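*Asks:* My questions will all concern the structure given below.
The values are calculated or read from the model by the stated rules, or taken from the named source; none is laboratory data. In this text, all values refer to a predicted model and were calculated from it rather than measured experimentally. In this analysis, Cβ positions are derived from the backbone assuming ideal geometry, glycine residues included, and neighbour counts consider all displayed protein chains. These area figures cover heavy atoms from the full protein model, side chains too; ligands, DNA and RNA do not enter into them. Shrake-Rupley method; radii C 1.70, N 1.55, O 1.52, S 1.80 Å.
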Amino acid sequence: MRRVSEGGGTRGGLRLWEAVQAVPRTLREDLWTVARDPLPSLRWLGRLPHAHAVLFAVLMGLANGNQYEPQFESPMAPAATTAVATAVTLLVVLQSGAAVLALSRPVPAWWLSTLALFVARTVGETKVSHAPLWSWSFPGIALHTLVLFLLALRVRPRIAAEALGLTLLLSGVAALAFAAPAQQPSLLQDAVTCTTAVVVGASLRGRRVARSQLVEQEVRTADERARRTLLEERNRIARELHDVVAHHMSVISIQAQVAPHLVKEPTDELKENLAGIRENAVEALTELRRVLGVLRSEDAPADGVRHAPQPTLGRLDELVGKVRGTGLAVVTETTGEPRPLPPGVDLSAFRIVQEALSNAMRHAPGAAVRVDIGYRSGGLTLRVTNSAPDRPAPPSPGAGHGLLGMHERTAMLGGELATGPTPDGGYEVTAILPTDTTKPAEPGEDAP
């Protein structure tokens with residue numbers, strides 16, 4: 001047990017020695033820098049605290065100059081008196097300048113202020129005329145406290161603690177070396193003052209950092225939520241289009257199987273080609289089912305609803321009837337000659353109108369809604385407008401998929417979508433969907 005204890009003590013001593021050896025390197029890395037770290041402006045006050053800090057430095061500098069009175073034990077030559085006065089003035093300017101410099105470069109400002117404090121008593125026989133604090137004036141201590149506070153606002157707490165420790169060490173040495181014994185008890189008071197400034201500054205910095213991290217996390221969460229919503233909407237659109245594509249592939253398969261019986265004495269080449277078409281159609285259906293299995297979410301609809309025929313504009317009257325049943329006044333108007341639409345366009349058009357009506361019910365209770373459908377050459381125009389609501393809308397839980405789904409469907413078809421408020425306080429959704437779906441999309445073309 002004794003050997004183990006001795007071994008443990010040896011290892012502890014080695015770790016302590018290594019830690020002591022690492023102190024100079026740590027101090028050099030933390031405090032030996034001239035990096036620029038400007039004090040950020042506040043949200044409401046802007047640069048007003050910066051102006052206050054500069055004003056405080058100027059006033060304390062003037063008071064600091066008045067506090068120092070050169071006294072000499074024996075008469076000195078005028079040249080010596082001028083030199084001492086110049087040196088004291090330079091130190092006063094350096095202390096005030098350090099406080100201003102701390103607004104942009106806190107670490108160099110701290111070095112400058114600490115150096116000025118340390119050498120203040122070494123210039124001639126200078127002393128503080130009233131209530132001496134260590135070997136310095138009250139304005140000088142106030143300026144250095146401001147520098148420590150501004151330093152703690154920007155750097156990590158460890159660096160602020162290192163700066164405080166060196167300040168107390170160097171200032172204590174100066175006080176013991178140059179101050180009279182009667183002045184030494186005030187050292188504790190000023191140590192408490194500097195420590196309080198560092199603690200308050202570090203606390204405010206920690207609060208600001210925590211708030212910044214919270215804002216960053218909220219932005220990241222919002223981006224993740226938007227991305228997840230986009231993926232969910234794309235999955236829903238893919239599931240719906242799967243049913244449309246699967247229907248056409250099934251028709252192709254059946255026609256390829258029936259076609260040989262419609263031809264009198266079909267050739268072997270025709271039978272082989274039709275058999276290949278049917279085989280490819282069946283394989284495509286199988287792959288579609290596999291893709292759909294991946295896209296299905298855990299809370300997917302029941303099988304009966306899942307495999308129901310996808311809605312088209314032919315069911316618009318049914319949709320409008322349900323919306324009117326909720327108390328919303330809906331008027332529909334169709335212009336142009338109605339004609340069969342490609343399945344994807346027909347489904348997307350119905351879904352866009354459905355989402356627009358759902359948004360009107362949710363966000364504009366009691367409003368009048370108008371649905372305009374225009375058939376034109378090469379395209380379909382949808383326009384859903386609602387007037388201003390006659391009462392406040394209830395809060396909507398979570399982020400909806402309505403506008404996002406409209407944008408995704410319109411972009412998928414290469415169309416255009418415009419949404420926004422109207423001058424009378426209502427809302428308008430306008431979509432232009434091309435009906436010429438034979439033109440392939442351009443490579444690398446993305447949704448707007």
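*Asks:* Checking the structure you have, find out if any residue of segment 205-218 is modelled with pLDDT of 80 or more, among the small types (G, A, S) and open to solvent by less than 50 Å² (accessible area, probe 1.4 Å).
*Replies:* Quick first cut of segment 205-218, residues modelled with pLDDT of 80 or more only: 205-218.
Applying the additional criterion that residues be among the small types (G, A, S) yields 206, 210, 212.
This time we only want the ones that are open to solvent by less than 50 Å² (accessible area, probe 1.4 Å), so: 206.
Within segment 205-218, one or more residues are modelled with pLDDT of 80 or more, among the small types (G, A, S) and open to solvent by less than 50 Å² (accessible area, probe 1.4 Å).
*Asks:* From R36, R28, grab the single residue that is open to solvent by 100 Å² or more (accessible area, probe 1.4 Å), assigned to a loop (DSSP other than H, G, I, E, B) and either at pLDDT 75 or above or under 17 Å from P106 (Cβ atoms) (or both).
*Replies:* R36
*Asks:* Another question, if that's okay. Anything in segment 401-422 that is without any contact (Cβ under 8 Å) to a residue 40 or more places away in the chain and over 15 Å from V384 (Cα atoms)? List them, or say none.
*Replies:* Once the filter is applied, which keeps residues that are without any contact (Cβ under 8 Å) to a residue 40 or more places away in the chain and over 15 Å from V384 (Cα atoms), segment 401-422 yields A411, G414, G415.
*Asks:* Those residues that are modelled with pLDDT of 90 or more, open to solvent by 30 Å² or more (accessible area, probe 1.4 Å) and of a type in the set (A, V, I, L, M, F, W, C), I need them from segment 347-387; list them, please.
*Replies:* A368
*Asks:* Report whether or not G398 is loosely packed, with under 13 Cβ neighbours inside 10 Å and modelled with pLDDT under 85.
*Replies:* Yes, satisfied.
*Asks:* Sort out which residues of segment 54-79 are of a type outside the set (S, T, Y), modelled with pLDDT under 85 and open to solvent by less than 30 Å² (accessible area, probe 1.4 Å), and write them in order of number.
*Replies:* N64
*Asks:* Taking helices (runs of 4 or more DSSP H) that do not extend beyond segment 256-333, which have at least 2 residues that are modelled with pLDDT of 70 or more and touching a helix residue (DSSP H, G or I) at 6+ places or on another chain (Cβ under 7 Å)?
*Replies:* Filter on segment 256-333 gives 268-295, 316-325.
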